[in-house]
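S.K.: Sharing a structure, written as structure tokens. Questions coming.
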Amino acid sequence: MECKSLRESDAIREFDVAYFAISVDSEETNKTFAQSLGVDYPLLSDPSKRIAVAYGVVDQDQPFASRWTFFVGPDGRILYIDKRVSPATHGRDIVQKLAELGIAKRRPGTASLGDSLLPRRANSEVPKSR
């Protein structure tokens with residue numbers, strides 16, 4: 001439901017942002033899931049849970065990933081963490097938070113920041129840190 005809410009929220013595409021989802025499921029599971037919903041944004045796989053642990057959404061007491069949304073600025077700093085994700089309204093909630101944070105809208109006829117940063121495919125492996 002959350003992925004569907006994001007896919008159906010055209011207003012997100014008005015902002016100059018990159019957005020994607022990360023799951024601790026395997027790449028193949030994510031690919032099947034993304035295809036079943038017609039997801040039009042990247043769904044990254046983190047089966048090792050390395051990234052999930054680094055962001056605090058998984059730990060020894062919480063083996064399943066929490067549904068949190070991280071709003072990250074162009075400088076890489078976290079601007080806000082939404083720890084109360086509502087799957088049914090998540091797309092609208094993201095749009096509201098982007099506006100509250102003063103995130104710029106993209107200029108008509110130009111590619112968004114996300115278009116230049118991420119491949120537009122249904123899934124990919126989380127890159128290894130250097």
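Read-outs throughout are calculated quantities, based only on the coordinates presented, and are distinct from any laboratory measurement. Keep in mind it's a predicted model, so treat the numbers as computed, not measured. Neighbour counts run over all protein chains shown; Cβ positions are idealised from the backbone, glycine included.
S.K.: Answer yes or no: is there a residue in the range 62-75 that is more than 22 Å from Val17 (Cα to Cα), surrounded by 15 or more Cβ atoms within 10 Å (Cβ to Cβ) and among the hydrophobic types (A, V, I, L, M, F, W, C).
M.R.: yes
S.K.: Here is a follow-up. Can you name every residue in the range 61-114 that is among the small types (Gly, Ala, Ser), closer than 24 Å to Asp25 by Cα and assigned to a loop (DSSP other than H, G, I, E, B)? Show your work before the answer.
M.R.: To start, the set of residues in the range 61-114 that are among the small types (Gly, Ala, Ser) comprises 65-66, 73, 76, 86, 88, 91, 99, 102, 104, 109, 111-112, 114.
From what is left, the residues that are closer than 24 Å to Asp25 by Cα are 65-66, 86, 88, 91, 114.
Result: Ala65, Ser66, Ser86.
S.K.: Give the residues of the range 14-26 that are outside any loop (DSSP other than H, G, I, E, B) and more than 14 Å from Ile51 (Cβ to Cβ), sorted by residue number.
M.R.: Of everything in the range 14-26, those that are outside any loop (DSSP other than H, G, I, E, B) and more than 14 Å from Ile51 (Cβ to Cβ) turn out to be Glu14, Phe15.
S.K.: Being part of a loop (DSSP other than H, G, I, E, B) and of a type in the set (D, E, K, R) is the filter; apply it to the range 27-60 and report the residue that is surrounded by the fewest Cβ atoms within 10 Å (Cβ to Cβ).
M.R.: Step one: filter the range 27-60 for residues part of a loop (DSSP other than H, G, I, E, B), giving 38-42, 46-49, 55-60.
The next check asks that each one be of a type in the set (D, E, K, R); those that pass are 40, 46, 49, 59.
On the way: Asp40: 14, Asp46: 23, Lys49: 15, Asp59: 11.
Only one residue fits best here, namely Asp59.
S.K.: With the checklist (1) more than 18 Å from Ile12 (Cα to Cα); (2) loosely packed, with under 15 Cβ neighbours inside 10 Å; (3) touching a strand residue (DSSP E or B) at 6+ places or on another chain (Cβ under 8 Å) in hand, flag the one item Ile81 doesn't pass.
M.R.: (1)
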